[in-house]
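Below: one structure, written as structure tokens.
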Amino acid sequence: MKIGLIFPNRDRRYKTVHLGLGYIASYARSIHPGLEFHVLDTRVATRKETDRFFRQRYDLVGITVFSPVYYEVIAIFGRVRKNDPDVPVCLGGPYVTTIMEEVFRRTPANFAVYGEGEITFSELLFHLKGERSIEEIAGLMHRTADGRVVTNPPREQIRDLDTLPLPAYDLFPMDRYPLHRIVSSRGCAYSCSFCNSSSIWSGNWRKRSAGDIVREIDHLVGNYGKKIFVFGDNSFNIDAKRLEEFCDLLIAYETKILWSASIRADLITQPLADKMKASGCYNVAIGIESANNGILEKVGKQATIGEMTEGIRIFRKAGIEVLGQFVIGNPGDTLETVTESVNWAKKSQLDFVNFYSILPFKGTPQWDYVLEHGHFFTQTIHDFHTVKPRIVYDTPDFPYKDRLAAINLAKRAGFYSNSDKKNWLFDVAKETSRKVTSLLPASAGNRIYMAMKAVYRIRMVKKQNY
């Protein structure tokens with residue numbers, strides 16, 4: 001069976017392996033011997049490679065769907081159908097789980113996987129082989145002969161993530177990605193109002209073991225070279241014992257690496273931060289959201305600004321860079337509370353600061369908040385990413401003009417981040433850093449990378465905010 005998998009992200013800022021497709025392929029291989037996979041990553045593929053991918057005939061084409069690239073998904077879906085009108089097409093990814101049956105309106109595929117995809121996709125292959133009824137496959141939506149969309153019951157989540165094979169990295173052009181990205185857990189133990197992780201993962205947090213994570217690091221370094229590692233977890237330190245074990249394993253690891261992760265600042269201790277530094281952690285990102293404790297309580301952050309201030313101090317003392325992330329448009333936010341956050345950020349010990357405009361997603365408390373207290377300018381989520389300035393709703397207490405003033409205030413401070421499009425200078429900087437870390441000895445390469453990163457941040461990132 002020949003399967004084509006497509007990752008539409010042609011104009012996105014970051015070049016990164018799509019781990020979801022990698023896991024789906026590796027799991028399917030473990031169940032169905034003899035599968036032939038072809039992957040198209042539109043961010044890194046050449047035109048010749050893209051044309052060659054679409055000239056081939058497949059038994060199934062899978063397309064992953066994110067809201068920022070949905071218009072590219074529509075175009076790719078059309079090209080797939082033009083190339084082979086009869087090929088079965090399966091959609092998947094977070095946007096499918098967010099909007100469910102609505103995804104069939106503009107992209108009328110045969111199937112769509114919602115929730116966790118590995119087992120569902122593998123069972124779909126059994127169906128295409130004539131070995132399983134479509135009605136038996138949990139976690140699947142499918143179109144009937146008369147065009148109706150049928151949604152099967154949800155699938156039970158995989159309990160032990162260590163049982164999954166590593167992503168099928170061999171399907172990707174690994175030399176074109178400047179970073180190694182790993183996801184060590186799924187979901188989040190918290191439920192912040194604006195975050196759709198809870199709705200996608202049903203509020204469950206599951207983790208891989210420290211040993212399994214290091215096994216993946218060893219596989220990546222051994223087969224694809226040493227690069228900076230970035231962990232894509234919502235919060236890497238929910239389980240402090242696991243993080244400490246991970247750091248101990250890295251400290252004992254022969255190849256020294258640099259790594260970065262998103263962290264809960266209220267859960268950190270000085271000994272653990274010191275151990276993170278010793279294991280190669282150079283940067284953490286902290287979701288602060290607001291400097292106003294009243295807003296943090298409404299968001300459901302379960303942390304105070306005082307606790308996060310202490311966490312920042314601990315990381316800085318350990319010698320780890322700290323990026324603070326804030327959002328404009330929390331429940332209860334006003335121009336005054338955003339001003340409070342901007343002023344706090346200016347006086348803080350943060351190395352870098354980013355403010356973002358909230359984009360509500362269906363299934364989150366933030367979406368319900370806007371429906372009850374505010375007004376959407378559009379409820380089509382994939383259109384949110386085309387709106388400039390990035391204001392898709394307002395409320396009586398925080399009207400459009402005040403939201404625009406808040407954005408401009410953050411811009412003047414050099415804090416506002418609204419660019420997720422690809423940038424040639426960013427690409428050059430990332431590729432140069434990849435070569436430095438892979439070619440030079442660990443200690444020298446890591447030091448040079450950190451120096452280059454500092455120069456790029458000072459000279460370019462702040463400049464782009466204006």
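Test Gly4 against the criterion of being part of a helix (DSSP H, G or I) and in contact with a helix residue (DSSP H, G or I) (Cβ under 8 Å, 6 or more places away or on another chain), and give yes or no. Write out each step before concluding.
Numbers: part of a helix (DSSP H, G or I): no; in contact with a helix residue (DSSP H, G or I) (Cβ under 8 Å, 6 or more places away or on another chain): yes.
It is false that Gly4 is part of a helix (DSSP H, G or I) and in contact with a helix residue (DSSP H, G or I) (Cβ under 8 Å, 6 or more places away or on another chain).
Is there a residue being in contact (Cβ under 8 Å) with a residue 60 or more places away in the chain and either touching a Cys at 6+ places or on another chain (Cβ under 9 Å) or assigned to a helix (DSSP H, G or I) (or both) anywhere in region 261-277?
No: zero hits.
Hey, among the residues in region 285-305 that are within 24 Å of the chain's Cα centre (by Cα) and of a type in the set (S, T, N, Q), which one's farthest from Thr337 (Cα to Cα)? Talk me through it step by step, then tell me what you get.
Quick first cut of region 285-305, residues within 24 Å of the chain's Cα centre (by Cα) only: 285-290, 296, 299-303.
From what's left, of a type in the set (S, T, N, Q): 290, 302.
Details: Ser290: 8, Gln302: 18 Å.
Taking the candidates together, the pick is Gln302.
Mind checking which residues of region 370-404 are open to solvent by 40 Å² or more (accessible area, probe 1.4 Å), touching a Lys or Arg at 6+ places or on another chain (Cβ under 9 Å) and closer than 25 Å to Ser202 by Cα?
Within region 370-404, Gln379 is the sole residue that qualifies.
So which residues in region 278-292 are in contact with a helix residue (DSSP H, G or I) (Cβ under 9 Å, 6 or more places away or on another chain) and not in a loop (DSSP other than H, G, I, E, B)?
Looking only at region 278-292, we keep the residues that are in contact with a helix residue (DSSP H, G or I) (Cβ under 9 Å, 6 or more places away or on another chain), and these are 278-284, 286-292.
Scanning region 278-292 gives Ala278, Cys281, Tyr282, Asn283, Val284, Ile286, Gly287, Ile288, Glu289.
Checking Glu244 against (1) open to solvent by 20 Å² or more (accessible area, probe 1.4 Å); (2) among the acidic types (Asp, Glu); (3) touching a residue at least 60 places away in the same chain (Cβ under 8 Å), which test does it fail?
(3)
Which condition breaks for Cys192 when tested against (1) outside any helix (DSSP H, G or I); (2) in contact with a Ser or Thr (Cβ under 7 Å, 6 or more places away or on another chain); (3) surrounded by 20 or more Cβ atoms within 10 Å (Cβ to Cβ)?
Unmet condition: (2).
Hey, any hits in region 143-164 for a residue that's modelled with pLDDT of 95 or more, hydroxyl-bearing (Ser, Thr, Tyr) and in contact with a helix residue (DSSP H, G or I) (Cβ under 6 Å, 6 or more places away or on another chain)?
No, there is no match, as no residue in region 143-164 is modelled with pLDDT of 95 or more, hydroxyl-bearing (Ser, Thr, Tyr) and in contact with a helix residue (DSSP H, G or I) (Cβ under 6 Å, 6 or more places away or on another chain).
Can you find even one residue in region 112-132 that is of a type in the set (A, V, I, L, M, F, W, C), buried (at least 22 other Cβ atoms within 10 Å of the Cβ) and closer than 20 Å to Tyr70 by Cα?
yes
Being loosely packed, with under 15 Cβ neighbours inside 10 Å and more than 27 Å from the chain's Cα centre (by Cα) is the filter here, so list the residues in region 38-59 that pass it.
Lys48, Asp51, Arg52, Arg55, Gln56, Arg57
Quick check on region 353-369: of everything there that is hydroxyl-bearing (Ser, Thr, Tyr) and closer than 16 Å to Ser290 by Cα, which residue is least open to solvent (accessible area, probe 1.4 Å)? Please lay out each step first, then the result.
If we filter region 353-369 for residues that are hydroxyl-bearing (Ser, Thr, Tyr), which is where we start, we get 356-357, 364, 369.
Pick out the ones that are also closer than 16 Å to Ser290 by Cα and you get 356-357.
Details: Tyr356: 69, Ser357: 21 Å².
Filtering first and then ranking leaves Ser357.
Can you tell me how many residues in region 247-278 are open to solvent by 10 Å² or more (accessible area, probe 1.4 Å) and either among the hydroxyl-bearing types (Ser, Thr, Tyr) or under 15 Å from Ile228 (Cα atoms) (or both)?
Going through region 247-278 one residue at a time, the tally reaches 8.
Identify all residues within region 92-146 that are of a type in the set (Lys, Arg) and assigned to a helix (DSSP H, G or I); write none if there are none.
Within region 92-146, the first condition is being of a type in the set (Lys, Arg), and the residues that meet it are 105-106, 129, 132, 143.
Answer for region 92-146, where residues must be of a type in the set (Lys, Arg) and assigned to a helix (DSSP H, G or I): Arg105, Arg106.
Quick check: is even one residue across region 173-189 in a helix (DSSP H, G or I) and open to solvent by 60 Å² or more (accessible area, probe 1.4 Å)? Working first, answer last.
We begin by selecting, within region 173-189, every residue in a helix (DSSP H, G or I); these are 174-176.
Restricting the remaining residues to those that are open to solvent by 60 Å² or more (accessible area, probe 1.4 Å) gives 175-176.
Taking every residue of region 173-189 in turn, at least one turns out to be in a helix (DSSP H, G or I) and open to solvent by 60 Å² or more (accessible area, probe 1.4 Å).
Taking region 11-37 only, how many residues are charged (D, E, K, R) and over 16 Å from the mean Cα position of the chain (by Cα)? Give the steps one after another, and end with the answer.
Kept after step one, since they are charged (D, E, K, R), are these residues of region 11-37: 11-13, 15, 29, 36.
From what is left, the residues that are over 16 Å from the mean Cα position of the chain (by Cα) are 29, 36.
The total comes to 2.
Quick check, is Val69 touching a strand residue (DSSP E or B) at 6+ places or on another chain (Cβ under 9 Å), crowded, with 20+ Cβ neighbours inside 10 Å and farther than 24 Å from Gly147 by Cα?
Values: touching a strand residue (DSSP E or B) at 6+ places or on another chain (Cβ under 9 Å): yes; crowded, with 20+ Cβ neighbours inside 10 Å: yes; farther than 24 Å from Gly147 by Cα: yes.
Judged against the criteria, Val69 is a match.
Going by the conditions given, is Val87 within 14 Å of Arg10 (Cβ to Cβ) and open to solvent by less than 40 Å² (accessible area, probe 1.4 Å)?
Values: within 14 Å of Arg10 (Cβ to Cβ): no; open to solvent by less than 40 Å² (accessible area, probe 1.4 Å): yes.
No: the conditions fail for Val87.
Among the residues of region 101-111, write down those that are open to solvent by 40 Å² or more (accessible area, probe 1.4 Å) and closer than 19 Å to Leu124 by Cα. Let's see the steps before the verdict.
As a first pass, look at region 101-111 and keep what is open to solvent by 40 Å² or more (accessible area, probe 1.4 Å): 101-102, 105-106, 108, 110.
Once the filter is applied, which keeps residues that are open to solvent by 40 Å² or more (accessible area, probe 1.4 Å) and closer than 19 Å to Leu124 by Cα, region 101-111 yields Glu101, Pro108, Asn110.
Check Asp427 against each of (1) assigned to a helix (DSSP H, G or I); (2) modelled with pLDDT of 95 or more; (3) open to solvent by 20 Å² or more (accessible area, probe 1.4 Å) and name the one condition it does not meet.
(2)
Here are some residues: Val353, Val392. Which one is in contact (Cβ under 8 Å) with a residue 12 or more places away in the chain, within 16 Å of Ser193 (Cβ to Cβ) and not aromatic (Phe, Trp, Tyr)?
On the way: Val353 fails: within 16 Å of Ser193 (Cβ to Cβ).
Only one candidate passes the filter, namely Val392.
Give Glu297, Glu289 a once-over and let me know the one that is among the acidic types (Asp, Glu), open to solvent by 10 Å² or more (accessible area, probe 1.4 Å) and under 27 Å from Ile99 (Cα atoms).
Going through Glu297, Glu289 in turn, just one is among the acidic types (Asp, Glu), open to solvent by 10 Å² or more (accessible area, probe 1.4 Å) and under 27 Å from Ile99 (Cα atoms): Glu289.
Out of Ala138, Ala109, report the one residue that is under 22 Å from Arg57 (Cβ atoms) and of a type outside the set (D, E, K, R).
Details: Ala138 fails: under 22 Å from Arg57 (Cβ atoms).
Testing whether each residue is under 22 Å from Arg57 (Cβ atoms) and of a type outside the set (D, E, K, R) leaves just Ala109.
When the residues of region 202-236 are filtered to those that are out of contact with any Phe, Trp or Tyr (no Cβ under 8 Å at 6 or more places or on another chain) and part of a helix (DSSP H, G or I), which remaining residue is most open to solvent (accessible area, probe 1.4 Å)?
Here the residue is Arg215.
Name every residue in region 329-346 that is open to solvent by less than 10 Å² (accessible area, probe 1.4 Å) and out of contact with any Pro (no Cβ under 9 Å at 6 or more places or on another chain), in order of residue number. So that I can check it myself, show each step before the final result.
Here is the first cut: in region 329-346, the residues open to solvent by less than 10 Å² (accessible area, probe 1.4 Å) are 329-330, 333, 338, 341-342, 345.
Asn330, Asp333, Val338, Ser341, Val342, Ala345, listed by residue number.
The values are calculated or read from the model by the stated rules, or taken from the named source; none is laboratory data. Keep in mind that what you see is a predicted model, and the values were worked out from it rather than measured. Reconstructed Cβ throughout: ideal geometry from the backbone, glycine too, with neighbour counts over all protein chains shown. Note: accessible area is taken over every heavy atom of the protein model, side chains too, but ligands, DNA and RNA are not part of it. Shrake-Rupley method; radii C 1.70, N 1.55, O 1.52, S 1.80 Å.
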